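Presented below is the structure to which this report refers.
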Amino acid sequence: MSDTASTAPATDHYLSTSRESIIGGLWRFRELLLRLVARDLKVKYQRSALGLLWTLLNPLLMVLVFVMIFNSVLRVKVDGFWAFLISGIFAWRSASDCLNRATTVLRTHAGLRRSVAFPSEVVIFSTVLTKLVEFLFAMAIVLFAMFVFYHNGVPVTVVLLPYLILLQVLMTAGIMFPLSVLAVMYYDVEHAMPAIMRLWFFLTPVFYPVSMIPESIRPYFYLNPFVGLVQLYHKVLYEGVWPSWELLGLVTLTAVGLFVVGYWLFNRSKDSCVEIA
């Protein structure tokens, strides 16, 4: 990054980049983006003996509790329930962590934004990429466990996993954009988010199959964008079958639509958020 770019007033920067695409802005400030990701990971896991393993251990403790409850008490009729659960819970955990973080990310970086000219979306994507690193680390271990102890091999559908991860990134970032702006305008959003995410979790088929939802209300469940995404993870990783084109197309359109609309809303308000945060 040149000295001119780093010392230019924020208003000059906004005018000079108003016609720049989001990809162009992220690429131009890629060094800053990567430094923010590295810093976030370092701060989170400093003085931690297990480091990134906590990304795996926390969800696995939740998996253990759910397996004990739903296998022994409620007796959910899902073969290999542990495999069903871990095929979707890490994707949900990564997305929910991003959404929780969205409520504070602009305020956390407000000082940096005032002193250095760069696109506000850089701090959004620094959070997304930080959580993506953690997610990929956890998924590598999850995939090994599923291939060895559940599938006894590697299902061919695993080739779709990178595409599902891309859809997850688009969907998550698309929701983070307007959410981060709302959280700057109204602090209530940050206080309400934990309760919202708990409710959202139970409305997402992470620990139960979509088939358990009554058909009469199932269309309303798909208004939750993560229903289709988690279902795709279950199809690809747990069942090892190709998802229908209808489901894949629905989730793709949802992810792209959320990203486009979310970024449009964010782009309209991001300048004023720098002054308010």
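Just a few scattered comments:
- Annotation: per residue accessible area for the chain equals 51 Å², rounded to a whole number [probe 1.4 Å, protein chains only].
- Charge dipole (debye, nearest 20) of the chain; +1 at Cβ of Lys and Arg, -1 at Cβ of Asp and Glu: 400
- Selected from VAL206, VAL133, VAL105 as most flexible by GNM, with the chain as the system and alpha-carbon contacts under 10 Å: VAL133
- Calculated diffusion of the stretch 96-151, Stokes-Einstein form, Kirkwood radius summed over Cα pairs, 37 °C and 0.692 mPa s, µm²/s: 247
- Put simply, the convex hull of the Cα atoms in the stretch 57-164 casts, on average, a shadow of 8.7 nm².
- Counting every alpha-carbon pair across the chain, the share separated by more than 32 Å comes to 28%.
- A prolate overall shape is assigned to the stretch 177-277, the ratio a/c of its alpha-carbon gyration tensor axes (a ≥ b ≥ c) being 1.5 or greater and a/b exceeding b/c.
- Percent of C-alpha pairs per 5 Å bin, the stretch 129-224, short to long: 2, 9, 12, 17, 20, 18, 12, 6, 2, 1, 0
- Accessible area in the full protein assembly, largest first, 1.4 Å probe, for LYS77, LYS44: LYS77, LYS44
- Long pairs among LYS42/LYS270; LYS131/LYS270; LYS44/LYS270, criterion Cα-Cα beyond 24 Å: LYS42/LYS270; LYS44/LYS270
- Protein accessible area in the stretch 160-277, 1.4 Å probe - carbon and sulfur %: 69
The values are calculated or read from the model by the stated rules, or taken from the named source; none is laboratory data. Since we're looking at a predicted model, the values are computed, not measured. Don't worry about glycine lacking a Cβ; one is built from the backbone with ideal geometry, like all the others, and counts go over all protein chains shown. We work out accessible area using only protein heavy atoms, side chains counted, and drop any ligands, DNA or RNA first. Shrake-Rupley method; radii C 1.70, N 1.55, O 1.52, S 1.80 Å.
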